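This report refers to the structure that appears directly beneath it.
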Amino acid sequence: MEAVEVAGLRIAYQRVGQGPPLVLFHGAGDDSRSWRQQLEGLSDDFTVFAWDAPGCGQSDDPAPDLSAGELGAITAGFLRAAVPAKPHLLGLSWGSLVVLELYRGYPEIPASLILASAYAGWAGSLPPEEVERRYAQVLAEIDQPPETIINAWLPTLFTDKADPAVVAEATRIMADVRPAGMRALLSASGRADYRPVLPTIAIPTLLLYGEDDQRSPLNVAHELHRQIPGSKLAVIPDVGHLAPMEAPDAFNTEVRNFLHGIAAA
């Protein structure tokens, strides 16, 4: 792992490959290890970066009352310190909120956006009662041992067709979640609403979803597609929320084709 210091925090990251920079932002409860099959599969064409978000993996814990603006500033600082040139940004689930917050405050930084299993924030994509249910669930689970809650989460992340070895890999990563990190990420993003940002996006954008995603279903995908000018929507059949882990070949092909299309335009 490499690392840079941003706003007094050590932010760790993986870097592999050569070519245009592609930066990967993982979901909540994960870290850069969840991108193993993208780090391996896309590094022939791109320099692939995968950060450990503040409070995750080998990165330092931020303040528990981290704000969305502070998260965006940390993300911008990380990109400026670690990543050369204008990067392509890929955010998965909660990582899509990191990307949207970055774009809201610093639209000059990215070359393109890939929003996978994404929301316009929970409050921007889900009914208010579902937002409060999810917020309360995560808040109640923060201080519980991860092994007591992982089994409840897994069916919402994968389909029953997922490779058991991949599910086991995700389980090991989720077992390392830290309460301080989850508390900060919930503070920054738990009630986020990025609907005002979507119509302002003026760079190439791919929306990439699993057909059977329970957490961010296709009606969310279609609404983001409607709101983001010129966006492209790709759906991977028979795949759940953690599409890059469950169907890495199909996921990587969509990412590669999208980015090659930008380069050829």
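The values are calculated or read from the model by the stated rules, or taken from the named source; none is laboratory data. Quantities reported herein were computed from a predicted structural model and do not represent experimental measurements. Cβ sites come from the backbone with ideal geometry, for glycine too, and all protein chains shown count toward neighbours. With ligands, DNA and RNA removed, areas are computed over all heavy atoms of the protein, side chains included. Shrake-Rupley method; radii C 1.70, N 1.55, O 1.52, S 1.80 Å.
Only one of (1) within 18 Å of Arg178 (Cβ to Cβ); (2) within 15 Å of the chain's Cα centre (by Cα); (3) outside any loop (DSSP other than H, G, I, E, B) fails for Ala28. Which number is that?
With respect to (1) within 18 Å of Arg178 (Cβ to Cβ); (2) within 15 Å of the chain's Cα centre (by Cα); (3) outside any loop (DSSP other than H, G, I, E, B), Ala28 is out only on (3).
Residues are listed down the side, and each one gets a yes or a no for (1) touching a residue at least 12 places away in the same chain (Cβ under 8 Å); (2) of a type in the set (A, V, I, L, M, F, W, C); (3) surrounded by fewer than 17 Cβ atoms within 10 Å (Cβ to Cβ):
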{"residue": "Ser189", "(1), (2), (3)": "yes, no, no"}
{"residue": "Pro196", "(1), (2), (3)": "no, no, yes"}
{"residue": "Val255", "(1), (2), (3)": "yes, yes, no"}
{"residue": "His260", "(1), (2), (3)": "yes, no, yes"}
{"residue": "Ala264", "(1), (2), (3)": "no, yes, yes"}
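Whether any residue in the stretch 238-252 is open to solvent by 50 Å² or more (accessible area, probe 1.4 Å) and without any contact (Cβ under 8 Å) to a residue 60 or more places away in the chain is what I want to check.
no
Provide a single number: the residues in the stretch 151-165 that are more than 21 Å from the chain's Cα centre (by Cα) and not in a helix (DSSP H, G or I).
3
In this structure, does Ala76 turn out to be of a type outside the set (Val, Ile, Thr), in contact with a Lys or Arg (Cβ under 7 Å, 6 or more places away or on another chain) and open to solvent by less than 10 Å² (accessible area, probe 1.4 Å)?
No: the conditions fail for Ala76.
Can you pull out the residues in the stretch 32-67 that are farther than 14 Å from Met182 by Cα and among the hydrophobic types (A, V, I, L, M, F, W, C)?
Within the stretch 32-67, Trp35, Leu39, Leu42, Phe46, Val48, Phe49, Ala50, Trp51 qualify.
State whether one or more residues within the stretch 208-220 are touching a residue at least 24 places away in the same chain (Cβ under 8 Å), of a type outside the set (Ser, Thr, Tyr), open to solvent by 70 Å² or more (accessible area, probe 1.4 Å) and farther than 22 Å from Leu71 by Cβ.
Yes, the stretch 208-220 has at least one match.
Given the conditions (1) within 22 Å of Pro128 (Cα to Cα); (2) outside any loop (DSSP other than H, G, I, E, B), which single one is not true for Tyr194?
(2)
Has the stretch 31-41 got any residue that is touching a Gly at 6+ places or on another chain (Cβ under 7 Å) and of a type in the set (A, V, I, L, M, F, W, C)?
no
Out of Leu89, Leu39, Leu22, report the one residue that is out of contact with any Leu (no Cβ under 7 Å at 6 or more places or on another chain) and either at pLDDT 95 or above or surrounded by fewer than 23 Cβ atoms within 10 Å (Cβ to Cβ) (or both).
Leu39
Can you name the number of the only condition in (1) without any contact (Cβ under 8 Å) to a residue 24 or more places away in the chain; (2) crowded, with 20+ Cβ neighbours inside 10 Å; (3) of a type outside the set (Ser, Thr, Tyr) that Gly121 fails?
Failed condition: (1).
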